[in-house]
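Chemist: Right, I'll just put the structure down here and ask away after.
The values are calculated or read from the model by the stated rules, or taken from the named source; none is laboratory data. Small disclaimer: the values here were computed from a predicted structure and weren't measured. Here the Cβ positions follow ideal geometry from the backbone for every residue, glycine too, while neighbour counts run over all protein chains shown.
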Amino acid sequence: MRKITKHKMKKDTPNRRQFIKTGSAAAVAASTISFPTVTFGKPDSRKLKIGFIGCGGRGTGAANQALTADSNVELWAMGEVSEARLNNSLNNISKRKPGMVNVDPKRKFIGLDAYQKVLESGVDLVILTTPPGFRPLHFKAAVESNKHIFLEKPMATDAPGLRSVMESYKLAEKKGLAVVAGFCWRYEPGRREFFKRIADGAIGDVQSMYATYYTGPVKPMPPDSARKEGWSDIEWQVRNWYNFTWCGGDGLVEQAVHSVDKISWLFGDAPPHSCVAVGGRQKPNNSGNIWDHIEVNYLFERGARGFLGQRQIPGCHGENNDYIHGTKGRAQIGGGLIITGKDAIKGNTNDWTYSPNGDLWRYTGPGGNMYQIEHDELFASIRDGKPINNGARMCNATMMAIMGRIAGYTGKQVTWDQALNSKQDLFPKDQNWDTGKHTPPAEAIPGTKEAISPHGWS
């Protein structure tokens, strides 16, 4: 069960100004911190033991990348709710990284408490790739256990969970622990140069960004008849985690959060003032409760706007692009990484032909696997004694996505402070795999009391 203190709306609750200034919901008293014995501010040349929690496809990829990033590491322990999935992952990694896998059968842990056993097994670094509803709980435990951490996006599925993550990353910072988040585009060389040029004024002051995330469903919800006799609510929902807001967040929070992160990146990782959103569900989702499309309109300082369109419906237009307008030009991710001066466009908006009267830039520099670069830089920072901590920006992007979902589901214009201080705690209190009971909220109907009141406002 996630142990998170309820926050009341009062003067010392986290707000937009505090977030920009400190990136934290609460200061952590130094007297409560248990510091690592060997890592704080010092180069680390030990053979590092890796713990792996959540052994699905993305997690297996992350584990392989961790073993590629550094030659003096070994996979030491693994944790999963499914023994078959754990063994499949272990076989995959063992074939790809022979000699770097040292997972004794006694260090293969199964169950919802497997994360605790991995943390207690003697590991130095953990990979957290379970469904994101568990991220706050696992991240908090990992930081308190003095582990370096790679954690996949998003960081939480609700505001109470995100506030917990904010406190944990600040504690990790004080402890000198590395924290690298799976917002992979931040590690892609071309996009790094692209956003640097925009920040340096290549298109003047940014006025708007329109990000698209139009794709098919990631994990379609099976019919309720597929639920086997004896499966608890918790087992059924975790097996179909993507389709329940408490476990997956929904398509905006779990998938399109990558596009939200690029909007955050563009605006200097400063929280938006407010947002509104529209959306719903076109395809029946059986017992699941997430929407399959949403469009969010974020308002930033000086009236700048960030727009996000997200849809996961088969047979529709597909696109994952970004369109940015500034006072002196525009830029685009999609069909290349392109920045143009105001006179560099001829004809319609899709004609990027060079004009002598303007400037056209396309990225032609070195590439690199962004998933691998994440881990390369993570381990290099540990070895150098200068641990990376992605905490502030990973929380900003996640909160923006949760904020957009709140705006859509409630039908309200939602401020940053309202979203960050939302009281809606989605995490089930009964976390028993065999008997756990949990009835998630029904699919949201905007404007209704049922959609609005759980957040603590009317």
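Chemist: Pick from PRO271, PRO314, PRO220, PRO284: which is part of a loop (DSSP other than H, G, I, E, B) and under 20 Å from THR410 (Cβ atoms)?
Modeler: PRO271
Chemist: Another question about this same structure. Out of all the residues in segment 102-110, is one or more surrounded by fewer than 17 Cβ atoms within 10 Å (Cβ to Cβ), polar (S, T, N, Q) and over 22 Å from the mean Cα position of the chain (by Cα)?
Modeler: The answer is yes; a qualifying residue exists.
Chemist: Shifting gears a bit: For the structure I just gave you, tell me whether GLY335 is at pLDDT below 90, within 25 Å of GLY182 (Cα to Cα) and loosely packed, with under 13 Cβ neighbours inside 10 Å.
Modeler: yes
Chemist: Give the residues of segment 254-310 that are crowded, with 20+ Cβ neighbours inside 10 Å and without any contact (Cβ under 8 Å) to a residue 60 or more places away in the chain, sorted by residue number.
Modeler: GLN255, HIS293, PHE300 - these are the residues of segment 254-310 that are crowded, with 20+ Cβ neighbours inside 10 Å and without any contact (Cβ under 8 Å) to a residue 60 or more places away in the chain.
Chemist: For segment 195-207, what are the residues that are assigned to a loop (DSSP other than H, G, I, E, B) and out of contact with any Asp or Glu (no Cβ under 9 Å at 6 or more places or on another chain)?
Modeler: ASP200, GLY201, ILE203, GLY204, ASP205
Chemist: What's the number of the only condition in (1) in contact with a helix residue (DSSP H, G or I) (Cβ under 6 Å, 6 or more places away or on another chain); (2) touching a residue at least 60 places away in the same chain (Cβ under 8 Å); (3) crowded, with 22+ Cβ neighbours inside 10 Å; (4) not aliphatic (A, V, I, L, M) that PHE139 fails to meet?
Modeler: Tallying (1) in contact with a helix residue (DSSP H, G or I) (Cβ under 6 Å, 6 or more places away or on another chain); (2) touching a residue at least 60 places away in the same chain (Cβ under 8 Å); (3) crowded, with 22+ Cβ neighbours inside 10 Å; (4) not aliphatic (A, V, I, L, M), PHE139 fails exactly one: (2).
Chemist: I'd like to check which helices (runs of 4 or more DSSP H) are fully inside segment 372-454 and have at least 3 residues that are more than 30 Å from ARG186 (Cβ to Cβ).
Modeler: So the answer is 449-452.
Chemist: Also, quick follow-up: What number of residues within segment 384-423 satisfy the criterion of being within 30 Å of LYS175 (Cα to Cα) and not hydrophobic (A, V, I, L, M, F, W, C)?
Modeler: Residues that pass the stated criteria total 14.
Chemist: Tell me which residues, restricted to segment 170-221, are among the β-branched types (Val, Ile, Thr), crowded, with 17+ Cβ neighbours inside 10 Å and either assigned by TED's automatic domain parsing to the domain that holds VAL257 or over 30 Å from HIS148 (Cα atoms) (or both).
Modeler: Residues satisfying the conditions are ILE198, ILE203, VAL206, THR212, THR215.
Chemist: Being part of a loop (DSSP other than H, G, I, E, B) and closer than 28 Å to ASP233 by Cα, is that true of even one residue in segment 84-106?
Modeler: no
Chemist: Pick from SER94, SER82: which is over 22 Å from the mean Cα position of the chain (by Cα), in the same structural domain as ARG163 (by TED's automatic domain parsing) and over 30 Å from GLY251 (Cβ atoms)?
Modeler: Checking each option against the conditions leaves just SER94.
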